[in-house]
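All remarks here apply to the structure that follows.
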Ligand code: C2E
Ligand code: CA
Ligand code: CA
């Protein structure tokens with residue numbers, strides 16, 4: 001597999017794994033966040049409703065006292081004083097009662113005769129005034145209820161202590177305020193006149209349908225996350241679990257789709273494996289007696305990839321068989337039409353791996369290949385490397401028998417680097433030995449290698465096998481080989497592996 005492509009795809013794999021793992025976690029967290037927001041909003045709405053209900057009940061109590069006292073307005077204070085005090089005593093939330101005549105407070109449950117001007121404008125909707133204290137109890141807030149009819153008037157006050165209690169007890173976890181006109185009371189019972197504070201999370205405002213006040217409930221900043229971390233730990237664990245599962249699946253799928261096997265499967269379907277042709281010449285060095293078909297991967301990004309970088313993966317995954325089949329079909333389609341130009345049988349060498357010889361499919365492949373040429377115009381040679389010997393089983397022996405019947409010849413590739421025995425060469429009816437290029441390279445350099453080369457040549461002569469020398473690069477090598485009766489030569493000296501078009505156009509010169 002090309003290295004650059006490997007690192008790139010590894011980085012992409014890590015990124016996709018991270019994204020597929022994080023996505024469910026983030027999505028789940030966003031849903032939980034919205035869910036928490038909804039739960040908190042429901043909370044504040046309920047709390048505001050409950051607070052309004054409580055304040056309405058208290059004001060009912062206070063208003064009732066005012067209604068009972070209103071008819072007494074105008075009577076002399078000494079006559080009604082007892083009635084004023086009775087209301088204070090009988091009603092739990094009433095702190096004081098007062099009578100008014102013509103906007104003049106003239107009688108109080110606390111002081112009896114009194115003298116104070118009343119300004120109706122101080123009262124929200126003329127009825128309610130939330131204040132921080134009065135001359136009697138300057139530090140205790142109170143809510144004054146005003147009832148008037150013509151010149152008659154009654155004022156009853158509700159102790160701020162009770163209001164503060166409601167705010168504290170109902171809104172234990174919440175920020176809760178009571179607002180009357182421009183004034184508002186916090187849970188500590190203090191009355192303020194500055195702007196009402198912002199309640200950033202789940203703010204709910206509810207106005208009483210019966211009295212001139214409103215209640216506001218909400219939470220401080222960050223409450224949603226606090227709520228989530230206290231209420232949702234099991235769900236968070238579940239999210240992380242899903243994240244890990246999704247990440248692993250992403251990783252697995254990525255790995256599968258970017259594995260060498262998967263990538264080669266794709267390349268095979270895209271016909272990216274193409275044949276190159278290297279000429280094989282007669283001992284005389286002029287005429288081409290044939291060619292070896294060598295596979296190349298025309299990778300869309302990496303360019304032309306050498307076979308030793310991908311053939312091992314192809315052999316390992318078993319893809320080598322369909323890849324070789326495709327190579328044979330392409331070769332047949334390219335060279336078949338050239339049949340008429342071959343005066344004597346043109347040798348076409350195809351590299352075959354041992355795994356291709358495990359069944360009789362190879363017979364079909366060879367027959368199909370031969371059918372593309374005019375009869376007798378070519379000689380198909382299967383090259384089997386000596387490093388990977390084929391086991392003599394009933395099937396392989398049958399296979400090689402049928403190949404022979406078809407007229408297909410067998411060459412042992414890289415000869416001298418493996419361990420084939422005389423028996424082996426006979427058993428499979430070998431026709432050619434291809435001398436490995438490492439021996440050819442040592443001609444004139446290393447005497448020991450030259451001895452091995454000489455013994456290979458002797459052996460071939462004794463066994464009546466034809467010899468092909470690979471990797472011939474210099475005239476010295478070719479002279480030596482020719483002098484030793486090596487029948488066929490192959491190497492850069494005569495031509496490098498080349499694409500089909502170049503090979504076909506060069507054919508006519510040779
Ligand atoms: P091989 O079958 O021994 O092929 C000969 C290799 O030697 C080729 O390398 C060829 O380009 C190279 N060669 C030819 N003449 C010279 C020369 O004068 N000097 C030097 N230094 N090298 C020369 P290539 O094409 O890179 O193929 C490498 C190996 O990949 C092949 O070795 C063969 O084992 C394998 N291969 C190539 N195509 C196929 C195929 O279709 N199927 C299978 N199973 N294996 C293949
Ligand atoms: Ca070969
Ligand atoms: Ca070889």
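In this structure, does residue 453 turn out to be surrounded by 14 or more Cβ atoms within 10 Å (Cβ to Cβ), over 54 Å from the mean Cα position of the chain (by Cα) and at pLDDT below 90?
Spelling it out, residue 453 is indeed surrounded by 14 or more Cβ atoms within 10 Å (Cβ to Cβ), over 54 Å from the mean Cα position of the chain (by Cα) and at pLDDT below 90.
If you go through the stretch 173-190 one residue at a time, do you hit one that is buried (at least 22 other Cβ atoms within 10 Å of the Cβ), over 25 Å from residue 64 (Cβ atoms) and modelled with pLDDT under 90?
Checked against the condition, which is being buried (at least 22 other Cβ atoms within 10 Å of the Cβ), over 25 Å from residue 64 (Cβ atoms) and modelled with pLDDT under 90, the stretch 173-190 yields at least one hit.
Let me confirm something: among 187, 195, 154, 214, which residue is touching a helix residue (DSSP H, G or I) at 6+ places or on another chain (Cβ under 7 Å) and over 30 Å from residue 84 (Cβ atoms)?
After ruling out the rest, the residue left standing is 187.
Being touching a strand residue (DSSP E or B) at 6+ places or on another chain (Cβ under 6 Å), over 26 Å from residue 208 (Cβ atoms) and assigned by TED's automatic domain parsing to the domain that holds residue 181 narrows it down to one of 110, 82, 142, 158, so name that one.
Step by step, each of 110, 82, 142, 158 is checked, and only 110 is touching a strand residue (DSSP E or B) at 6+ places or on another chain (Cβ under 6 Å), over 26 Å from residue 208 (Cβ atoms) and assigned by TED's automatic domain parsing to the domain that holds residue 181.
Return the only residue of 362, 294 being assigned by TED's automatic domain parsing to the domain that holds residue 394, touching a residue at least 24 places away in the same chain (Cβ under 8 Å) and more than 16 Å from ligand 3 (Cβ to nearest atom).
None of the others qualify; the one that does is 362.
Hey, does the stretch 302-322 have a residue that's surrounded by 14 or more Cβ atoms within 10 Å (Cβ to Cβ), at pLDDT 90 or above and under 17 Å from residue 472 (Cα atoms)?
no
State all residues of the stretch 269-308 that are within 27 Å of residue 505 (Cα to Cα) and part of a helix (DSSP H, G or I); if no residue qualifies, say none.
Result: 307, single match.
Being more than 30 Å from residue 482 (Cα to Cα), within 14 Å of ligand 2 (Cβ to nearest atom) and touching a helix residue (DSSP H, G or I) at 6+ places or on another chain (Cβ under 9 Å), is that true of even one residue in the stretch 277-288?
Taking every residue of the stretch 277-288 in turn, none turns out to be more than 30 Å from residue 482 (Cα to Cα), within 14 Å of ligand 2 (Cβ to nearest atom) and touching a helix residue (DSSP H, G or I) at 6+ places or on another chain (Cβ under 9 Å).
Any residue at all in the stretch 469-478 that is surrounded by 17 or more Cβ atoms within 10 Å (Cβ to Cβ), within 30 Å of residue 338 (Cβ to Cβ), away from ligand 2 (no atom under 16 Å from the Cβ) and modelled with pLDDT of 90 or more?
Among the residues of the stretch 469-478, at least one is surrounded by 17 or more Cβ atoms within 10 Å (Cβ to Cβ), within 30 Å of residue 338 (Cβ to Cβ), away from ligand 2 (no atom under 16 Å from the Cβ) and modelled with pLDDT of 90 or more, which makes the answer yes.
Kindly provide the set of residues from the stretch 408-432 that are assigned to a strand (DSSP E or B) and away from ligand 3 (no atom under 11 Å from the Cβ), ordered by number.
Passing the criteria: 409, 410, 432.
Restricting attention to the stretch 367-399, and to residues there that are part of a helix (DSSP H, G or I) and over 25 Å from residue 344 (Cβ atoms), which single residue is farthest from ligand 2 (Cβ to nearest atom)?
Checked the stretch 367-399; the qualifying residue farthest from ligand 2 (Cβ to nearest atom) is 394.
Considering only residues that are farther than 23 Å from residue 430 by Cβ and either out of contact with any helix residue (DSSP H, G or I) (no Cβ under 7 Å at 6 or more places or on another chain) or within 16 Å of ligand 2 (Cβ to nearest atom) (or both), which ones fall in the stretch 322-349?
323, 329, 330, 333, 335, 336, 337, 339, 340, 342, 343 - these are the residues of the stretch 322-349 that are farther than 23 Å from residue 430 by Cβ and either out of contact with any helix residue (DSSP H, G or I) (no Cβ under 7 Å at 6 or more places or on another chain) or within 16 Å of ligand 2 (Cβ to nearest atom) (or both).
Within the stretch 434-454, work out how many residues are more than 25 Å from residue 351 (Cβ to Cβ) and not in a loop (DSSP other than H, G, I, E, B).
Adding up the residues that qualify gives 5.
So which of 405, 388 is more than 16 Å from ligand 3 (Cβ to nearest atom) and more than 25 Å from residue 288 (Cβ to Cβ)?
Result of the check over 405, 388: 405.
When you scan the stretch 327-347, how many residues do you find that are within 12 Å of ligand 1 (Cβ to nearest atom) and buried (at least 19 other Cβ atoms within 10 Å of the Cβ)?
The number of residues fulfilling the criteria is 3.
Before we move on, is residue 235 at negative phi, in a helix (DSSP H, G or I) and touching a helix residue (DSSP H, G or I) at 6+ places or on another chain (Cβ under 7 Å)?
Judged against the criteria, residue 235 is a match.
Would you point out which residue out of 189, 243, 164 is on the phi > 0 side of the Ramachandran plot and touching a residue at least 12 places away in the same chain (Cβ under 8 Å)?
Just one listed residue meets the conditions, 189.
Can you tell me how many residues within the stretch 268-284 are within 14 Å of ligand 1 (Cβ to nearest atom), farther than 17 Å from residue 380 by Cα and surrounded by fewer than 21 Cβ atoms within 10 Å (Cβ to Cβ)?
3
Could you identify the single residue in 50, 68, 45 that is closer than 23 Å to residue 178 by Cα and either without any contact (Cβ under 8 Å) to a residue 24 or more places away in the chain or in contact with a helix residue (DSSP H, G or I) (Cβ under 7 Å, 6 or more places away or on another chain) (or both)?
Exactly one residue qualifies, and that residue is 50.
Out of (1) closer than 30 Å to residue 144 by Cβ; (2) under 21 Å from the mean Cα position of the chain (by Cα), what's the single condition that is false for residue 243?
(1)
Please find, among 401, 423, 416, 444, the residue that is away from ligand 1 (no atom under 13 Å from the Cβ) and within 22 Å of residue 492 (Cα to Cα).
444
(1) touching a helix residue (DSSP H, G or I) at 6+ places or on another chain (Cβ under 7 Å); (2) under 22 Å from residue 320 (Cβ atoms); (3) away from ligand 2 (no atom under 14 Å from the Cβ): which one isn't true of residue 415, the others all being true?
It is condition (3) that residue 415 fails.
Please count how many residues of the stretch 106-127 are in contact with a helix residue (DSSP H, G or I) (Cβ under 8 Å, 6 or more places away or on another chain) and buried (at least 17 other Cβ atoms within 10 Å of the Cβ).
So the count comes out to 4.
Count, please, the residues in the stretch 118-141 that happen to be at pLDDT below 95 and assigned to a strand (DSSP E or B).
Number satisfying all stated conditions: 1.
The values are calculated or read from the model by the stated rules, or taken from the named source; none is laboratory data. This one's a predicted model, so the numbers in the text were calculated from it and none came from an experiment. FYI the Cβ positions are ideal-geometry reconstructions off the backbone, even for glycines, and counts take in every protein chain you see.
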